[in-house]
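For reference, the structure discussed in these notes is given below.
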Amino acid sequence: CGELPLQHGLPEACHMHVQHARITSQPDSVDVEDCASSAQKSSLSSQKTLSPKLCSAAVPERRSTLEVALLEALLDLIDRCSSGSGSLHGNEAFLAQAKHVLSSLQEFTATRDSSALEKEGIGYLSLENKTLQSRLAEQQQQYTATVTKMTAELNNTKRELDTLRQHLDKSLEENSHLKSLLYNVKKEVKTADTSTALTLQITGLQASMKQLSGEVVELKQHVEHYDKIQELTQMLQESHSSLVSTNEHLLQELSRTRAQHRAEVEQMRWSFQEFKKTTALIPHRSSRRGGRQSC
C-alpha cells in the first residue's frame, strides 16, 4: 500500500462516508468526511439565506459539484492504495456505483434538511392554531357570559312586560268604566242642579283619568324598551352564528394542514426506506470485487 496504512478493505472504504467513518492518512491525504461535512454546512447555510425558488434552482448544480468533488477525492484516496494499472478512475462499474452512493447521500441530506424546515413550519402552524383556539375559547366564554346575562334580563323583562300588560288592560278597563261614569254624571248634571258633591266627584274622576293616562304612557315606554331588548338579542344571535362559522373554517384549515403533513411524512418515510434498500444492496455488490484488489 506504500505510506498510507488503511484499516479497512476496499468495500468498507467505498461505504465509509455513508457510515460517517473517519479515514486517517498522511498530512497530504484527502479527508473525505471533512469535505462532505463542509459541503453540507455550506449547503445548509445557503438554504437558510436563499429564497425557496432560488434554492430549488441551485440544488441540482450544487449537488452535482459536490458529487464530483467527493468522487475525485475518493478515487485519489483509493489510487494511493493500488498500483498504477489498478486505478479506479477508468473503472466504469465502480464509478457508476460510487456515483449512485454519493447521489443517494445527497438526496438523503436534502430530504433531512427539507424535513427540518417542514417541522419548523408545522410547529409555527401548531402554535398559531393554539393561539387561535385560545382566542376563540376566550371569545366563546365572553359570548356565553353575555348571552346568559342578556337571557336573564330578557326573561325578567318578559315577566315585567306581562305584568305591565295586565296592568294596562286593567287600567284601560277602569278608564273605560270611569269614562262611562263621567258621562253619566255629566248627563245627570245637565238635568239637575249643580251641587258641591257632584263637582267634587267630577274633579276626582278627572284626576283619576290623568293618573291612568300617565300609567298608559309609562307602559308604552316599557313596551319600547322591550322591543329594543329583542333587537339586541337578535344581534347577539347573529354574532354567535358568525363565531360558529369562523370556528368551523379554522377547524377545516387545521384538518387540511394535518392531512398535508401526514402525506409529506409518509413520502419522506418511503424515500428513506428506498434509500436504506439502495445502500444495503451496494456494499453487497462491491464485496464481490473487493477480493480482486487489496491494499
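Just so you know, all these numbers are worked out from the coordinates, no wet-lab data involved. All values reported here derive from a predicted model rather than from experimental measurement.
Structural remarks
- Fully extending the segment from Gln234 to Asp76 would add 48.6 nm, taking 0.36 nm per residue of separation and subtracting the current Cα-Cα distance.
- Members of Lys119/Lys277; Lys186/Lys220; Lys158/Lys228; Lys149/Lys170; Lys99/Lys277; Lys170/Lys210 lying beyond 23 Å, as alpha-carbon distances in this model show: Lys119/Lys277; Lys186/Lys220; Lys149/Lys170
- Normalising the Debye intensity of the range 159-224 to I(0), with uniform scatterers on Cα atoms only, and taking log10 at q = 0.21, 0.22 Å⁻¹ returns -0.82, -0.87.
- Semi-axis lengths, Å, the range 129-265, gyration tensor of Cα atoms, sqrt of 5 times eigenvalues: 66, 11, 8
- Theoretical gain in end-to-end length, Arg165 to Leu243 [0.36 nm per residue, Cα-Cα removed]: 24.4 nm
- Coupling constants for the range 152-165 follow from the phi torsions by the Karplus curve (6.51 cos²θ - 1.76 cosθ + 1.60, θ = phi - 60°), and in residue order they are 4, 5, 5, 5, 4, 5, 4, 5, 5, 5, 4, 5, 5, 5 Hz; glycine and proline get x.
- Computed 3J(HN,Hα) for the range 202-216, one whole-Hz value per residue from the Karplus formula 6.51 cos²θ - 1.76 cosθ + 1.60 where θ = phi - 60°, is 5, 4, x, 5, 5, 5, 5, 5, 4, 5, 5, 5, x, 5, 5, glycine and proline marked x.
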